[in-house]
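Chemist: To start, I am sharing the structure in question, which I have written as structure tokens.
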Amino acid sequence: MKTLVTTLLFALLSLGPALIADAAAVKLRIGVDAGYPPFSYIDDVGVLKGFDIDIALALCAKMKTVCAFVRQDWEGLIPGLRAGKYDAIVSSMLITEKRWRLVAFTDKYYSNAVRFVARKGAGFDPSAPAGRTIGVARATIASDWLEDNISGVATTRLFRGQEALLRALVKGEVDAVFGDGLGFWNWLRSPKGARFAFVGEGYHLDEGVGIAVRKEDGALLCRLNMAIKAILAEGIYEKINARYFPFSIY
């Protein structure tokens, strides 16, 4: 009997390192649309970078897990999450009632507003858009707002992501674009954006930007919320914020 107990103890001890190694290998698969600088983008040497990426890495570190990023186009992010392609979405997704019906959200990790951008001196007036063509990224809170508020007054053109949207503005294919204010702020500081400017005030149409998870993943949701609180309390969030913006976006 003593020999059997000793054998079992040695067996359990021998499994210890394997179990630890398995735990360390567990990854949090994160869906991200990489076409949205400065939040998520591919740099000149092919590396995924941005505010969202840094936040995700900080949260994974707090949760003692490893981030595994899965690139996905914007429209496919929620369907991909629900299909099990990844475990969470960290891709500047605004928390809205419409999305709550499909997924669950963490507490916000930053705030944003939607805004109009047009060429300087073009005379675009958001309060009088009749006869104008306005570009917007499809499947966004901005496209929903335009559909509800200017349908039949102005022409709306839908684009697949922010990069395509801004290319159309530069080419003169649209009179103005409507969308994410912080993303536009970053672009307006670039050489391509120098001839354009914000028009009118921002619209706060959401509850902030959060991390989306499947509704059944309550334990993961709690872990992410605890990690968000931790990086805020410990000053980690503030340092990441300062890499991209000279003001707080929380």
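The values are calculated or read from the model by the stated rules, or taken from the named source; none is laboratory data. Please read these numbers as outputs of a predicted model, since none were measured by experiment. Neighbour counts are summed over all protein chains in view; Cβ atoms, including those assigned to glycine, are modelled from backbone coordinates with ideal geometry. Protein only, heavy atoms only, side chains kept; ligands, DNA and RNA dropped before computing areas. Shrake-Rupley method; radii C 1.70, N 1.55, O 1.52, S 1.80 Å.
Chemist: Can you tell me which residue is least open to solvent (accessible area, probe 1.4 Å) among those in segment 146-187 that are among the aromatic types (Phe, Trp, Tyr) and closer than 16 Å to Tyr41 by Cα?
Modeler: Phe184
Chemist: Inside segment 209-227, can you point out the residues that are open to solvent by less than 10 Å² (accessible area, probe 1.4 Å) and under 18 Å from Ile240 (Cα atoms)?
Modeler: Val209, Gly210, Ile211, Leu224, Ala227, listed by residue number.
Chemist: Could you give me the residue pairs with C-beta distances under 9 Å whose first residue belongs to segment 47-62 and is over 8 Å from Val32 (Cβ atoms), whose second residue is outside any strand (DSSP E or B) and among the acidic types (Asp, Glu) wherever it lies, and which are 6+ apart or on separate chains?
Modeler: From residues that are over 8 Å from Val32 (Cβ atoms), the pairs are Lys49/Asp43; Lys62/Glu234.
Chemist: Among the residues of segment 74-82, are any at pLDDT 95 or above and open to solvent by 30 Å² or more (accessible area, probe 1.4 Å)?
Modeler: yes
Chemist: Same structure, new question: Tell me, which strands (runs of 3 or more DSSP E) lie completely within segment 53-147 with 2 or more residues that are polar (S, T, N, Q)?
Modeler: 88-94
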